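Each remark here refers to the structure printed beneath this line.
The values are calculated or read from the model by the stated rules, or taken from the named source; none is laboratory data. In this text the structure is predicted, and so the values were computed from the model without any measurement. With ideal geometry, Cβ positions are generated from the backbone for all residues, glycine too; neighbour counts draw on all protein chains shown.
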């Protein structure tokens with residue numbers, strides 16, 4: 001696959017802790033506003049610029065993108081963001097709960113999306129529109145895509161050698177994750193090594209990838225005959241060996257029981273698999289689910305003989321839950337559009353599931369066993385698409401640590 005060094009726009013080292021932020025899609029408007037309060041340097045003002053506008057302004061209003069550009073330009077004018085002055089690659093290590101993942105930060109080509117770079121999710125047109133407009137208005141990709149590749153010893157050695165250099169940044173965020181970044185002294189060996197990598201998988205950032213591809217196509221239309229080496233043909237990514245990545249469960253909450261009493265739902269669940277009361281809200285294995293109903297946790301275990309593990313897609317826990325519980329028992333239709341279901345990333349824990357049900361906001365919650373990287377890659381290799389909200393990756397990549405500006409972008 002193709003890897004491209006770039007002249008990154010990045011925080012001044014003494015300000016990095018004030019600038020970097022969570023990605024745009026893991027915090028609500030109110031959460032982002034609270035995090036950025038009293039901090040004009042927060043990169044949330046670029047990726048969630050709606051926090052600087054009245055609440056009645058829609059998140060996709062043209063004023064939101066204009067505000068993002070205004071805030072971005074202000075950060076540059078104040079010299080809070082800097083450049084190395086030449087094309088570079090970087091390394092980015094995150095350590096969470098003693099587990100480390102190390103990624104190569106660079107750019108990959110938009111034409112590799114869908115072939116060399118494989119996806120496992122279906123994207124929504126409205127979210128593609130949003131990311132495309134954000135890129136084109138900023139003239140930059142403000143947040144990276146997380147890509148996974150099958151690890152290689154030669155790449156591990158190159159990465160390890162460059163980590164012996166003095167770090168550019170070292171900081172620990174409020175969630176306890178330790179972030180360290182290095183500049184790669186000579187990008188050529190890593191660029192050459194990645195030419196031997198047959199492909200990568202989008203772990204987190206399907207809409208950002210689609211937005212980058214659409215933005216590149218628009219730029220091509222504006223300037224016919226431009227080459228495929230133009231900066232807008234590349235998009236920002238962090239490439240991490242698949243075995244280092246951690247997928248947490250993507251849990252479900254259901255708003256109502258479609259007129260059934262809790263006892264009726266439990267009676268139906270007993271016909272589906274082995275149902276028992278439990279004090280542990282975490283499923284012990286694939287093919288098992290923990291359900292919170294009527295202020296009690298229950299464990300539902302499907303018979304392994306009833307699951308055809310040769311069916312890569314249908315044997316996913318998220319698919320089994322929908323086919324056997326959500327659709328027939330609770331009347332949930334398309335999980336992408338059904339307003340009666342919501343999703344809670346595993347990083348927020350099972351206590352939030354309990355709180356949603358106990359408050360009356362939801363009637364039932366389901367704690368899931370996490371999808372594995374092997375399952376994700378098998379689905380992508382087969383050209384299939386996973387059910388919605390199948391994976392939740394932690395830790396999340398910080399926003400504002402590295403920015404890729406396009407040709408004609410801010411200098």
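Miscellaneous remarks
- Qualifying residues in segment 288-301 (those that are closer than 15 Å to residue 324 by Cβ and free of Cβ contacts under 8 Å to residues at least 60 places away in the same chain) - the one surrounded by the most Cβ atoms within 10 Å (Cβ to Cβ): 300
- Test: residue in segment 264-287 that is closer than 13 Å to residue 365 by Cα, in contact (Cβ under 8 Å) with a residue 60 or more places away in the chain and assigned to a helix (DSSP H, G or I): yes
- Of the set (1) within 28 Å of the chain's Cα centre (by Cα); (2) assigned to a loop (DSSP other than H, G, I, E, B); (3) modelled with pLDDT of 95 or more; (4) loosely packed, with under 15 Cβ neighbours inside 10 Å, all apply to residue 258 but (1).
- Residue in segment 81-88 that is surrounded by 16 or more Cβ atoms within 10 Å (Cβ to Cβ), in contact (Cβ under 8 Å) with a residue 60 or more places away in the chain and farther than 19 Å from residue 23 by Cα present: yes
- The residues listed here are 102, 108; of these, the one that is surrounded by 14 or more Cβ atoms within 10 Å (Cβ to Cβ), at pLDDT 95 or above and out of contact with any helix residue (DSSP H, G or I) (no Cβ under 8 Å at 6 or more places or on another chain) is 108.
- The combined condition, being assigned to a loop (DSSP other than H, G, I, E, B) and on the phi < 0 side of the Ramachandran plot, is fulfilled by residue 123.
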